[in-house]
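A short write-up of the structure that comes next.
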Amino acid sequence: MLDAIGRDIVTGRYDATPFPTEAELTAQHGVSRSVTREAVKMLTAKGLVSARPRQGTIVEPSANWNMFDPDVLRWLLERRASPELLRHFNQLRVAIEPEAAALAAEFHDEADLDAIAAGLERMREAEQGRDDALAADIAFHVAIMAASHNPFYRQFRDVVATALQTSIRFTNKIKGHTANIADHARVYEAISAGDADGARRAMRHLIGEVLELIAKSDAAPAGLAPA
C-alpha cells in the first residue's frame with residue numbers, strides 16, 4: 001500500500017486532485033483503517049504528505065520530499081530517469097564517495113578489504129557472464145561506504161545503492177559496455193595500500209567519467225526504470 005500510494009504521489013496523480021481521505025484509501029486498497037493510518041504516517045515521515053487543520057492530509061511540494069529516503073528516490077527514478085536527475089545524484093556522489101574511499105584507506109580492516117575485493121571480483125566474473133554486472137558494481141561501491149567506518153557515510157549506503165541501479169544502467173547504455181574494471185581496481189589498490197589521497201582521486205575519476213557521459217547525453221534512453 002505504501003509503495004502504491006508513494007508512487008502515485010511522485011508520478012503526479014494528485015497534482016490536480018485532492019489526496020484521498022482515510023476512508024477512501026481504506027476502500028481503494030481493501031485494508032483496515034489501522035493499516036491505512038500506518039501507511040500515511042510513513043508517507044508523512046518521508047515528507048510526501050502532511051496533515052493540516054481543516055484541510056486533512058495534503059500532498060507536499062516536491063521540494064519538501066526527503067530525497068535521501070531510498071523509497072522516495074526509487075519512485076522518482078521510476079518516474080523520470082532523466083539526465084538532469086542522474087546528474088544531480090552523481091554530483092552528490094562526488095561530495096561523498098571520494099571522501100568515503102579516503103576514509104576507507106585510513107580505517108579499513110581485513111574484512112572490509114575482503115568485501116571490496118569480492119565486489120571487484122564479482123565485476124570480473126560479470127564480464128564473463130558469470131555474475132550480474134549491475135549487482136556487482138553496486139556491491140563494490142557499498143563495500144567502500146561501509147569500509148569508511150564512519151556512521152554518517154554508512155547512512156548513505158542505501159541511497160547510493162538505490163540510485164546506482166539506474167545510474168549504472170544509464171551510463172552502460174551510453175557506453176555500450178559495463179564499468180571499467182581497471183578504474184575500479186585502482187580505487188581498491190589505493191585503499192588496500194592505505195593511500196587516502198590516491199583512493200580519493202581514483203574514486204573522483206570514476207564519478208567524473210559518469211558526469212561526462214551524462215553531459216553528452218541529450219535524453220535518457222528508454223527502459224531505464226529498475227526492474
### Selection within the stretch 105-119 - surrounded by 18 or more Cβ atoms within 10 Å (Cβ to Cβ) and either charged (D, E, K, R) or assigned to a loop (DSSP other than H, G, I, E, B) (or both)
H108, D112
### Top-ranked residue in the stretch 62-75 [being over 15 Å from T11 (Cβ atoms) and assigned to a loop (DSSP other than H, G, I, E, B); ranked as least open to solvent (accessible area, probe 1.4 Å)]
D69
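Within the stretch 76-91, does at least one residue satisfy the condition of being outside any helix (DSSP H, G or I), closer than 28 Å to G208 by Cα and open to solvent by 20 Å² or more (accessible area, probe 1.4 Å)? Full working, then the answer.
Restricting attention to the stretch 76-91, the residues satisfying the condition of being outside any helix (DSSP H, G or I) are 80-82.
Now restrict to residues that are closer than 28 Å to G208 by Cα: 80-82.
Those left that are additionally open to solvent by 20 Å² or more (accessible area, probe 1.4 Å): 80, 82.
Taking every residue of the stretch 76-91 in turn, at least one turns out to be outside any helix (DSSP H, G or I), closer than 28 Å to G208 by Cα and open to solvent by 20 Å² or more (accessible area, probe 1.4 Å).
In the stretch 189-202, is there at least one residue being over 15 Å from the mean Cα position of the chain (by Cα), part of a helix (DSSP H, G or I), among the polar types (S, T, N, Q) and at pLDDT 95 or above? So that I can check it myself, show each step before the final result.
Just the residues of the stretch 189-202 that are over 15 Å from the mean Cα position of the chain (by Cα), to begin with: 189-202.
When the remaining residues are screened for being part of a helix (DSSP H, G or I), the result is 189-192, 196-202.
Filter once more, keeping what is among the polar types (S, T, N, Q): 192.
Going one step further and asking which of them are at pLDDT 95 or above, we end up with 192.
Scanning the stretch 189-202, I find at least one residue that is over 15 Å from the mean Cα position of the chain (by Cα), part of a helix (DSSP H, G or I), among the polar types (S, T, N, Q) and at pLDDT 95 or above, so the answer is yes.
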#### Entry: Hey, R33 farther than 26 Å from V159 by Cα, open to solvent by 70 Å² or more (accessible area, probe 1.4 Å) and free of Cβ contacts under 8 Å to residues at least 40 places away in the same chain or not
yes
### Query
Which condition breaks for T21 when tested against (1) more than 24 Å from D158 (Cβ to Cβ); (2) β-branched (V, I, T); (3) modelled with pLDDT under 95; (4) in contact with a helix residue (DSSP H, G or I) (Cβ under 8 Å, 6 or more places away or on another chain)?
(4)
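Quick grid of which residues meet (1) of a type in the set (D, E); (2) outside any helix (DSSP H, G or I); (3) open to solvent by 30 Å² or more (accessible area, probe 1.4 Å); (4) at pLDDT 90 or above:
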| position | (1), (2), (3), (4) |
| --- | --- |
| A126 | no, no, no, yes |
| L134 | no, no, yes, yes |
| I138 | no, no, no, yes |
| I144 | no, no, no, yes |
| H149 | no, yes, yes, yes |
| F152 | no, no, yes, yes |
| T162 | no, no, no, no |
| Q165 | no, no, yes, no |
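Matching residues to (1) under 19 Å from the mean Cα position of the chain (by Cα); (2) outside any helix (DSSP H, G or I); (3) basic (K, R); (4) under 30 Å from K173 (Cβ atoms):
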residue: I5; (1), (2), (3), (4): no, no, no, no
residue: F19; (1), (2), (3), (4): no, yes, no, no
residue: E38; (1), (2), (3), (4): no, no, no, no
residue: K41; (1), (2), (3), (4): no, no, yes, no
residue: A51; (1), (2), (3), (4): no, yes, no, no
### Query
So which residues in the stretch 33-58 are among the small types (G, A, S) and modelled with pLDDT of 95 or more?
S34, A39, A45, G47, S50
### the stretch 183-220, subset within 21 Å of L86 (Cβ to Cβ) and either of a type in the set (K, R) or touching a Gly at 6+ places or on another chain (Cβ under 6 Å) (or both), residue least open to solvent (accessible area, probe 1.4 Å)
R204
### Task
Return yes when A101 is under 16 Å from M203 (Cβ atoms), in contact with a Gly (Cβ under 7 Å, 6 or more places away or on another chain) and in a helix (DSSP H, G or I) and no when it is not.
no
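The values are calculated or read from the model by the stated rules, or taken from the named source; none is laboratory data. Quick caveat: nothing in here was measured; it's all calculated off a predicted structure. Don't worry about glycine lacking a Cβ; one is built from the backbone with ideal geometry, like all the others, and counts go over all protein chains shown. What goes into the accessible areas is simple: the full protein's heavy atoms, side chains included, and nothing from ligands, DNA or RNA. Shrake-Rupley method; radii C 1.70, N 1.55, O 1.52, S 1.80 Å.
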